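Student: One structure follows; several queries about it will come next.
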Amino acid sequence: MRPRGTYTVRKSGGIFGSFIAALLGLGFVVIGSPLAAWYAESQHQAKDFTTAVQVASDDVQSGYLAVTGTAQAVDPLICPSQTADTVTDCVWTQTEQQTYQREEKRQCGSVSSDQKILYNLPDECDSDGTNCQSCYQVEEFNWETVDTTSEFAQFGLGAYTVTPTEAVNFIGEDSFTTATAVEPQVGDERQVMTYYPVQSVALVAGLASDNTLSVPTDDKPFVVSNLDYAGTLAELESQDAAKKWMLRIISLVLMVVGMTMIASPLTYFTNVFRIIPFLGSRVDRGFDAVIGFVAALIGVVLWLVLWMLVLVLKNIWIILGVLLILAVVVIVLIQRGKKKKATTAAPTT
């Protein structure tokens with residue numbers, strides 16, 4: 001693809017830039033991807049939740065408890081409301097202040113549906129005027145968060161007093177966004193209100209001490225839920241699964257991107273093919289594509305090996321236990337076989 005008249009040269013950084021990219025890619029492969037894969041298989045809040053002792057709100061105990069009952073407001077914290085005649089006590093409120101803002105920037109390649117092209121800019125090309133992308137000056141409008149504030153209020157749950165903090169995993173919160181114009185203008189404001197009414201509380205899991213439920217000290221989840229025990233456990237399992245797959249994807253992307261960055265210096269050397277008349281640039285791009293594809297494929301294979309290794313390390317005791325049981329079974333079968341053989345071979349009188 002040739003440019004439309006004048007064009008700007010794409011910044012590649014030369015061979016030095018390629019080696020810098022390769023070093024960064026090595027960091028993705030050696031550090032970033034393994035860490036993401038390890039944390040992906042380390043999601044355990046649902047498992048920790050199952051260790052909580054299930055008690056009713058009038059049963060005073062100590063330790064990590066899952067307490068069920070009806071909550072009562074202690075500190076005055078009024079829930080946000082879309083109707084002025086509704087007043088409800090909350091245990092947590094969060095206000096996200098947003099402003100409608102305009103941004104103008106240079107965009108090369110595809111333009112998204114929420115962007116408007118203001119005017120064309122010179123194409124961006126390789127140094128030989130090939131492999132070009134169309135460039136534009138675009139504008140886009142978005143609601144940008146400028147401030148977020150949270151408030152918490154103590155509440156009672158039978159014989160217990162609960163002190164919520166930022167560490168709480170609220171399950172079943174409500175939210176709404178304040179009304180704005182159908183076609184907002186730059187500078188318009190709105191608020192995203194998230195809140196948890198006290199009457200929604202059905203279960204609290206936390207560390208019980210002196211009739212107070214607070215943040216556990218051993219990394220177990222501090223949960224306020226509008227569901228029963230089974231429903232809360234199912235929701236925590238769903239959260240764990242979502243985080244696990246998100247981190248797995250991040251780990252895979254880091255590995256693939258890292259390998260392509262490691263291979264980037266090779267694409268610099270393929271520039272020698274540009275001396276071929278007429279076909280040089282196409283041959284160059286073809287080899288670059290092959291190098292990128294092979295590097296990405298190697299990244300996928302390495303990530304599968306990494307994932308299997310992490311699974312083995314995370315379940316090493318289970319695997320060793322299974323191998324031990326299999327070894328015992330094999331030894332017993334061998335011993336029985338020897339005894340049977342000895343009995344069969346013994347002479348009869």
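Student: Using the structure shown, decide if VAL138 is buried (at least 17 other Cβ atoms within 10 Å of the Cβ) and more than 17 Å from VAL215 (Cα to Cα).
Tutor: Criteria met by VAL138.
Student: Can you name every residue in segment 219-233 that is within 25 Å of the chain's Cα centre (by Cα) and touching a residue at least 12 places away in the same chain (Cβ under 8 Å)?
Tutor: Across segment 219-233, the qualifying residues are ASP219, LYS220, PRO221, PHE222, VAL223, VAL224, SER225, ASN226, LEU227, THR232, LEU233.
Student: Can you name the residue in segment 182-199 that is over 22 Å from LEU233 (Cβ atoms), within 27 Å of the chain's Cα centre (by Cα) and not β-branched (Val, Ile, Thr) and is also surrounded by the fewest Cβ atoms within 10 Å (Cβ to Cβ) among such residues?
Tutor: Per the criteria, the residue is GLN191.
Student: For segment 191-210, indicate whether the set of residues that are in a strand (DSSP E or B), farther than 23 Å from CYS79 by Cβ and of a type in the set (A, V, I, L, M, F, W, C) is non-empty.
Tutor: Yes, segment 191-210 contains a residue that is in a strand (DSSP E or B), farther than 23 Å from CYS79 by Cβ and of a type in the set (A, V, I, L, M, F, W, C).
Student: Just one of (1) surrounded by fewer than 17 Cβ atoms within 10 Å (Cβ to Cβ); (2) at pLDDT 95 or above trips up ALA202, so point out which.
Tutor: Status for ALA202: all satisfied but (1).
Student: Right, here's the next one. So which residues in segment 12-38 are at pLDDT 95 or above and among the hydroxyl-bearing types (Ser, Thr, Tyr), if there are any at all?
Tutor: Answer for segment 12-38, where residues must be at pLDDT 95 or above and among the hydroxyl-bearing types (Ser, Thr, Tyr): just SER33.
Student: Taking the condition under 30 Å from SER175 (Cβ atoms) and surrounded by 14 or more Cβ atoms within 10 Å (Cβ to Cβ), does ALA73 pass?
Tutor: Taking the combined requirement at face value, the residue satisfies it.
Student: Something else about it: Tell me yes or no: at least one residue of segment 246-263 is farther than 30 Å from VAL146 by Cβ and assigned to a loop (DSSP other than H, G, I, E, B).
Tutor: Within segment 246-263 (the criterion being farther than 30 Å from VAL146 by Cβ and assigned to a loop (DSSP other than H, G, I, E, B)), the answer is yes, since at least one residue qualifies.
The values are calculated or read from the model by the stated rules, or taken from the named source; none is laboratory data. Predicted, not measured: the structure shown is a model, and the values here were computed from it. Cβ sites come from the backbone with ideal geometry, for glycine too, and all protein chains shown count toward neighbours.
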